[in-house]
1. When you check ASP444 against the structure, is it of a type in the set (D, E, K, R), closer than 22 Å to MET517 by Cα, under 23 Å from the mean Cα position of the chain (by Cα) and open to solvent by less than 20 Å² (accessible area, probe 1.4 Å), yes or no?
2. Among the residues of the stretch 266-280, what is the count of those that are in a strand (DSSP E or B) and of a type in the set (Gly, Ala, Ser)?
3. Go through (1) open to solvent by less than 40 Å² (accessible area, probe 1.4 Å); (2) over 27 Å from the mean Cα position of the chain (by Cα); (3) over 30 Å from ALA391 (Cα atoms) and name the single condition PHE18 misses.
4. Would the stretch 282-294 turn up any residue that is open to solvent by less than 20 Å² (accessible area, probe 1.4 Å), within 14 Å of the ligand (Cβ to nearest atom), in contact (Cβ under 8 Å) with a residue 60 or more places away in the chain and of a type in the set (Ser, Thr, Tyr)?
5. Check GLU252, GLU238 and return the single one that is at pLDDT 95 or above, outside any loop (DSSP other than H, G, I, E, B) and surrounded by fewer than 22 Cβ atoms within 10 Å (Cβ to Cβ).
6. Criterion first (assigned by TED's automatic domain parsing to the domain that holds VAL243 and under 27 Å from SER531 (Cβ atoms)) does VAL160 satisfy it?
7. For the stretch 200-222, give me each residue that is touching a residue at least 12 places away in the same chain (Cβ under 8 Å) and either acidic (Asp, Glu) or open to solvent by 70 Å² or more (accessible area, probe 1.4 Å) (or both).
8. Tell me the strands (runs of 3 or more DSSP E) entirely within the stretch 281-380 that contain at least 2 residues that are under 20 Å from the mean Cα position of the chain (by Cα) and farther than 21 Å from ARG47 by Cα.
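The values are calculated or read from the model by the stated rules, or taken from the named source; none is laboratory data. The structure presented is a predicted model; accordingly, all values stated were derived computationally and were not measured. Neighbour counts are summed over all protein chains in view; Cβ atoms, including those assigned to glycine, are modelled from backbone coordinates with ideal geometry. Ligands, DNA and RNA are excluded from the accessible area calculation, which covers all protein heavy atoms including side chains. Shrake-Rupley method; radii C 1.70, N 1.55, O 1.52, S 1.80 Å.
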Amino acid sequence: MSETPDPTPGPFPPSEAFTAQAVGQASLCEDAGADRLAFWAKQARERLTWSKDFDEVLDWSDAPVAKWFVGGELNVAYNCADRHVEAGNGERVAIHFVGEPGDEQAITYADLTERVQRAAGALRAAGVEAGDRVAIYLPMIPEAVISMLACARIGAVHSVVFGGFSADALRTRIADGEAKVVITADGGYRRGKPSALKPDVDEAVSGETSVQRVLVVKRTGEDVTMGDKDMWWDEALEAAEPVVEVESFDAEHPLFILYTSGTTGKPKGIFHTSGGYLTQAAYTNAVVHDVHPDTDVYWCTADVGWITGHSYITYGPLANGATQVMYEGTPDTPHQGRWWEIIADKKVSIFYTAPTAIRTCMKWGEEIPQEYDLSSIRVLGSVGEPINPEAWMWFRDVIGAGEAPIVDTWWQTETGAIMMSPLPGVTALVPGSAQAPVPGITADVVDEEGRSVPNGESGYLVIRDPWPSMLRGIWGDRQRYEDTYWSRFPDMYFAGDGAKRDEDGNIWVLGRVDDVMNVSGHRLSTSEIESALVSHDTVAEAAVVGAADETTGQAVCAFVILREESRENYAEDAAREELVQELRTHVGRQIGPIAKPRQVLVVDELPKTRSGKIMRRLLKDVAEGREAGDATTLADPSVMAQIQAGLKK
Ligand code: WT7
C-alpha cells in the first residue's frame with residue numbers, strides 16, 4: 001500500500017488475572033515446538049473420548065491427503081453429547097435457543113443426546129447408512145445442530161447448504177454429493193416475518209434426483225405442499241427408535257462436505273473427516289476462545305451453513321461440553337439492540353462475530369449497546385476477514401468495557417479450524433493482525449519462490465506442515481485438490497491469501513490473491529457470478545470485481561456487455577435501469593441474495609490483454625472511483641477511456 005497507515009494502537013498484553021485463569025498457557029507453545037506430533041496426540045487423547053486408541057499420529061504417505069490418528073476409532077456425536085451426560089453434566093444447558101420472534105428453548109446435554117438419537121433413528125428409517133450423504137437446508141434453529149449430530153452418530157456425511165442459497169445452488173450441491181435425504185423446514189423467521197424454505201427444496205429435488213426422502217421441520221407453520229417424498233420431522237422422530245447405540249467409526253471416516261467458492265464457476269465440495277477435525281475444533285475453541293465449560297456462556301453469531309457454524313457452534317463447543325447461545329434472526333430485529341439484549345439476558349461471556357457486523361453496529365451508534373449490561377463479556381473474537389484497527393478498538397472499548405481481549409482468528413473452510421490467532425492469556429494483542437499460528441500449526445509468509453520473507457515484507461500465506469483438521473480433498477476431484485492448494489509451491493499448502501510480516505514478526509492477512517471476493521465475510525467467486533450473468537438472455541460478456549466497501553469489506557461490482565440484438569432495447573436510461581435491477585435479481589436467483597451485485601454497469605467494451613484476459617485490476621479502479629491505472633498492456637488502450645466516458649454520461 002502506498003499511503004502510510006496511522007500508527008496502530010497497542011500492543012495490549014493480557015492482564016495477570018486473565019492469564020492466571022486462561023485455558024491456553026505459554027507452555028502450549030513450548031510443547032508444540034518440542035514435538036509437534038506428540039503435542040497433537042496429547043490434544044486428541046485429552047480432549048476426545050476414543051473407543052479405540054490410535055497407533056500412529058500422522059500418515060502422510062499419500063500426500064497431500066493426510067491420515068491423522070491412524071487406527072483410532074470414535075463416534076463424533078457421542079463426543080458432543082452423550083459423554084457429557086455420562087460425566088454427570090446432563091442438566092447443563094448445551095444450547096440456549098432464541099428465536100427471532102422471541103420464543104426460547106433451553107436444551108440440556110441430556111435433551112440433546114435424546115433428540116440426536118431420535119433424529120438418527122429417523123435417518124436410519126429413511127434408509128440412510130454409514131457413508132451416505134444427507135443435505136441439510138435449515139434456518140438457524142436447534143434442528144440444524146441436531147441433524148448434523150444425527151448424521152455423525154450413524155456415520156452419514158452431512159452437506160449443510162446455507163439457507164440463503166437459492167434452489168439452483170441447492171440442486172447443484174445435492175447432485176454433486178448425491179444426497180439421499182434432505183432435511184429442511186417450512187421456513188424460518190427473518191427480519192420479522194416468515195421466510196419460506198420448502199418451495200426451494202421442492203424445486204431442487206424436482207425431476208431427476210438422488211433424493212429419496214425429505215424431512216420437514218415445522219418452524220413457521222406456513223402452508224407447504226407435502227409430496228410423496230416429504231415427511232414431517234416431528235412425525236419421523238416420533239416413529240423412530242428412541243435409542244441408537246453408539247457405533248465406532250474410523251478416525252478418517254467422512255464427517256461432512258461443505259461447499260465453498262473457488263476461482264472457477266463450480267463450487268468446491270470441501271471434504272472433512274472425523275478424529276483430526278474434532279480434535280482441532282475442540283482444542284482451538286478451548287484455548288483461543290478460552291472456554292471454561294462449567295462457567296462460561298459462549299455465543300458465535302455465525303450461521304451453521306458456513307464453516308464457522310460447523311466448527312464453532314456445532315462441533316468445537318459441544319465437544320467441550322460448553323453452554324452456548326443460538327440465535328435465529330438478524331441483529332436488528334425487532335430493534336438494533338437485539339444482540340446486546342441477548343448478551344445481557346443470557347450473561348454471555350464469550351462473543352465471536354465478524355468484522356462486517358462490528359462495523360454495522362458502529363454505524364448504528366455506541367448508544368445502542370450502552371443501554372445494556374454487557375459486564376458478563378470477558379473474551380471477544382473476530383473471524384471472516386481482516387478487522388480494521390478502528391473496528392477492533394470500538395469492539396474492545398464499547399462491547400468489551402475497554403479490557404476484554406479480542407482474538408482475531410484466521411482460517412478457512414479448507415483448514416476446518418482456527419489456524420492463526422493470538423492466545424488471549426499469552427499474546428500481547430496487536431489490533432488488526434491475526435499475529436501468529438496457534439501452537440501446533442506452522443504458518444509462514446513466502447515470496448514467489450517459496451522462501452520465507454523477512455520481517456517488514458509481504459508475500460503469500462502458506463502452511464508448511466499437515467494439520468489435524470485439514471481438508472482431505474475436494475469431493476470427487478483429487479486433481480482439483482492438488483492443483484488448487486499444492487501446486488503453487490512444492491510441499492506447502494497455498495491458502496490463496498496475501499499476508500505481511502511486520503517488524504515484530506506478526507502476520508497480517510491482507511486478503512485474497514485469487515479471483516475470490518470476500519463480502520461480509522462470505523466467500524464469493526468472481527467467475528461464478530460472471531457465469532450467472534452471462535446465463536441471462538441479454539448478456540454477452542461479464543466481468544466481476546470485488547470493490548472496497550466500508551461496511552461489507554468488499555462489494556460485488558459487475559461490468560456487462562449486452563448482446564448485439566439487445567443493445568437497442570436498452571439504449572434508454574429507464575430501460576437500462578430496469579435491466580440492471582433484473583440482472584441483480586437474476587444473480588440472486590441463480591446463487592443466492594448474498595451474491596447480488598451492488599452495482600451492474602453496462603459498458604460497450606471490457607479491458608482485455610492481447611491474449612484476451614480481462615484486466616480486473618483496471619475495472620476495480622473504476623469501481624472504487626479511482627482513475628484507472630496502467631493500461632498499456634491492453635489490446636486496445638483506449639477502452640478504459642471509453643468505459644469511463646460511458647459511465648459519466
Ligand atoms: C477466507 C476464508 C474462516 C471462517 C470464515 C470464512 C478470509 C478469514 C480472516 C481473518 C483476515 C480472514 C481469508 C480466508 N479470512 N478469517 N481473521 N483475517 N482474513 O471462511 O469462507 O472459507 O473464507 O476468509 O481471505 O482465505 P471462508
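1. Details: of a type in the set (D, E, K, R): yes; closer than 22 Å to MET517 by Cα: no; under 23 Å from the mean Cα position of the chain (by Cα): yes; open to solvent by less than 20 Å² (accessible area, probe 1.4 Å): yes.
No: the conditions fail for ASP444.
2. Start the filter on the stretch 266-280 by keeping residues that are in a strand (DSSP E or B), which leaves 268-273.
The next check asks that each one be of a type in the set (Gly, Ala, Ser); those that pass are 269.
Here the count works out to 1.
3. (3)
4. Yes, there is a match, as at least one residue in the stretch 282-294 is open to solvent by less than 20 Å² (accessible area, probe 1.4 Å), within 14 Å of the ligand (Cβ to nearest atom), in contact (Cβ under 8 Å) with a residue 60 or more places away in the chain and of a type in the set (Ser, Thr, Tyr).
5. Among GLU252, GLU238, only GLU238 is at pLDDT 95 or above, outside any loop (DSSP other than H, G, I, E, B) and surrounded by fewer than 22 Cβ atoms within 10 Å (Cβ to Cβ).
6. Working: assigned by TED's automatic domain parsing to the domain that holds VAL243: yes; under 27 Å from SER531 (Cβ atoms): yes.
In short, yes.
7. Step one: list which residues in the stretch 200-222 are touching a residue at least 12 places away in the same chain (Cβ under 8 Å), which gives 200-205, 209-222.
Answer for the stretch 200-222, where residues must be touching a residue at least 12 places away in the same chain (Cβ under 8 Å) and either acidic (Asp, Glu) or open to solvent by 70 Å² or more (accessible area, probe 1.4 Å) (or both): ASP200, ASP202, GLU203, GLN212, LYS218, GLU222.
8. Values: elements: 297-300, 323-327, 350-353.
Hits in the stretch 281-380: 323-327, 350-353.
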